[in-house]
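Q: Before anything else, here's the structure in question.
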Amino acid sequence: MCLVALAIDQSRRFPLVIAANRDEFFKRPTARLAWWSPGAGRPDILGGRDLEAGGTWLGLTAAGRLAFITNVRDPSRQDPQAPSRGEIVPRWLSGDLQTDRFWMRTALAGHNGFNLVAADFQRGECFWASSHEVHPVRLERGLFGLSNGRLDAPWPKVDLLKARVDAALSASDSVDTLSSRLFEALGDRTLADDALLPSTGVSPEWEKLLSAAFIRTPDGSYGTRCSTLVITERVNKRLVTHVLERTYAASGGMALLRRSTLKDWPPRYSEAPPAEAPAQGSVDEADDPPNRGAAVPRKTRVRSLLKPERPRRTRPAAD
């Protein structure tokens with residue numbers, strides 16, 4: 001995953017929205033969006049799958065965990081013998097460790113540079129962690145952007161995608177309309193001005209080429225392999241989440257679309273986990289995402305997806 005925008009509780013109707021592009025070499029074997037098992041005794045994952053190393057760049061579980069990862073672009077610090085970063089996401093999705101313990105194990109695993117956004121909606125928590133940072137950062141409600149630098153680094157394509165997601169949330173009255181606007185934003189091939197390009201250790205020509213939201217190298221060997229949307233919609237008092245994936249071939253042509261719909265997902269947070277996870281949705285081939293119902297009434301009081309962070313207690317000052 002190389003470009004992601006994440007909106008949490010920015011819209012009353014659409015409380016969770018993720019719009020993401022995965023850039024990769026086309027020769028790397030990949031499975032499309034589906035439910036798949038990471039191993040015996042571990043919960044199934046909904047997401048694409050890297051068939052070379054077995055991991056994924058974005059996925060979720062029926063029990064309420066979600067995660068996505070991007071590489072940190074720094075050629076001077078690449079270890080070709082390092083374990084695949086794609087295994088970090090299934091490790092989070094399959095486990096039950098809280099963020100601090102999970103991060104301690106992951107930080108010592110020897111991966112090349114990465115960013116990880118990991119959510120546990122049963123606990124009402126979402127965090128950003130980076131191999132270039134000492135501790136994870138708790139995310140509250142807001143609109144965030146991530147590419148191959150720090151969270152919300154002011155790269156042109158990050159700022160542009162965030163602006164277009166914000167505009168789409170304001171202007172969309174259905175899942176159809178919102179998904180269409182988000183796919184359009186992810187398909188933008190506009191290159192940034194040279195003066196605005198970051199300096200990440202690759203050549204200026206590559207910085208320019210990688211500055212667009214949608215990437216395709218002149219020889220067709222590398223580029224945007226898929227665009228993924230996660231859209232949670234409030235339908236009356238229930239949450240319905242739509243996961244949509246467009247996949248692209250190196251030769252161009254028609255993009256293929258898959259979707260899955262999960263009812264009552266993400267789960268409401270609580271002090272204790274619920275007895276049962278919501279049922280898994282099926283994955284369908286489609287041309288367009290469905291519109292699944294009317295918007296929640298404007299005056300309805302709604303609950304945030306994230307649990308408010310409790311203020312730390314301080315000792316009273318001594319007299």
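Q: Would a scan of the stretch 221-237 turn up a residue that is of a type outside the set (D, E, K, R), in a loop (DSSP other than H, G, I, E, B) and closer than 21 Å to residue 71 by Cα?
A: Within the stretch 221-237, the subset of a type outside the set (D, E, K, R) is 221-224, 226-232, 235-236.
Keeping just the survivors that are in a loop (DSSP other than H, G, I, E, B) gives 221, 236.
Filter once more, so that each one left must be closer than 21 Å to residue 71 by Cα: 221.
There is at least one residue in the stretch 221-237 that is of a type outside the set (D, E, K, R), in a loop (DSSP other than H, G, I, E, B) and closer than 21 Å to residue 71 by Cα.
Q: Six or more apart or on different chains, Cβ atoms under 8 Å: show the pairs whose first residue is in the stretch 68-81 and modelled with pLDDT of 90 or more and hydrophobic (A, V, I, L, M, F, W, C) and whose second is surrounded by 19 or more Cβ atoms within 10 Å (Cβ to Cβ) and in a helix (DSSP H, G or I).
A: 68/89; 69/85; 69/86; 69/88; 69/89
Q: Let me ask something else about it. For the stretch 166-210, which positions are part of a loop (DSSP other than H, G, I, E, B) and acidic (Asp, Glu)? Before you say what the answer is, go through the steps one by one.
A: Step one: of the stretch 166-210, the residues part of a loop (DSSP other than H, G, I, E, B) are 172-174, 187-193, 197-203, 210.
Result: 173, 188, 193.
Q: When the stretch 36-66 is examined, which residues are found to be of a type in the set (Asp, Glu), part of a loop (DSSP other than H, G, I, E, B) and within 19 Å of the chain's Cα centre (by Cα)? I'd like the intermediate steps shown before the answer.
A: Quick first cut of the stretch 36-66, residues of a type in the set (Asp, Glu) only: 44, 50, 52.
Okay, now just the ones that are also part of a loop (DSSP other than H, G, I, E, B), so 44, 52.
Of everything in the stretch 36-66, just one residue is of a type in the set (Asp, Glu), part of a loop (DSSP other than H, G, I, E, B) and within 19 Å of the chain's Cα centre (by Cα), namely 44.
Q: So residue 49 clears everything in (1) in contact (Cβ under 8 Å) with a residue 24 or more places away in the chain; (2) in contact with a Ser or Thr (Cβ under 8 Å, 6 or more places away or on another chain); (3) not β-branched (Val, Ile, Thr) except one condition, right? Which one?
A: (1)
Q: Anything in the stretch 98-140 that is within 19 Å of residue 62 (Cα to Cα), part of a strand (DSSP E or B) and in contact with a Phe, Trp or Tyr (Cβ under 7 Å, 6 or more places away or on another chain)? List them, or say none.
A: If the condition is that a residue be within 19 Å of residue 62 (Cα to Cα), part of a strand (DSSP E or B) and in contact with a Phe, Trp or Tyr (Cβ under 7 Å, 6 or more places away or on another chain), then 117, 118 are the ones that fit.
Q: Can we say residue 144 is of a type in the set (Phe, Trp, Tyr), assigned to a loop (DSSP other than H, G, I, E, B), within 18 Å of the chain's Cα centre (by Cα) and at pLDDT 95 or above? Write out each step before concluding.
A: Working: of a type in the set (Phe, Trp, Tyr): yes; assigned to a loop (DSSP other than H, G, I, E, B): no; within 18 Å of the chain's Cα centre (by Cα): yes; at pLDDT 95 or above: yes.
When the stated conditions are applied, residue 144 does not pass them.
Q: In addition: Taking the residues in the stretch 2-35 that are farther than 26 Å from residue 239 by Cα and in a loop (DSSP other than H, G, I, E, B) as candidates, determine which candidate is modelled with the lowest pLDDT.
A: That would be 2.
Q: Same structure, new question: Between a first residue in the stretch 108-130 that is in contact (Cβ under 8 Å) with a residue 60 or more places away in the chain and closer than 19 Å to residue 146 by Cα and a second residue that is of a type in the set (Lys, Arg) and surrounded by fewer than 23 Cβ atoms within 10 Å (Cβ to Cβ), which pairs have beta carbons less than 9 Å apart while being 6 or more apart in sequence or on different chains?
A: As it stands, the answer is 125/138; 125/307; 126/138, since those pairs meet every condition given.
Q: Determine which single condition residue 156 fails, assuming it passes every other condition in (1) surrounded by 20 or more Cβ atoms within 10 Å (Cβ to Cβ); (2) in contact (Cβ under 8 Å) with a residue 24 or more places away in the chain.
A: Single failed check for residue 156: (1).
Q: If residue 266 satisfies every condition in (1) at pLDDT 95 or above; (2) over 23 Å from residue 184 (Cα atoms); (3) surrounded by fewer than 18 Cβ atoms within 10 Å (Cβ to Cβ) but one, which is the exception?
A: Failed condition: (3).
The values are calculated or read from the model by the stated rules, or taken from the named source; none is laboratory data. Keep in mind that this is a model prediction, so the values were computed, not measured. With ideal geometry, Cβ positions are generated from the backbone for all residues, glycine too; neighbour counts draw on all protein chains shown.
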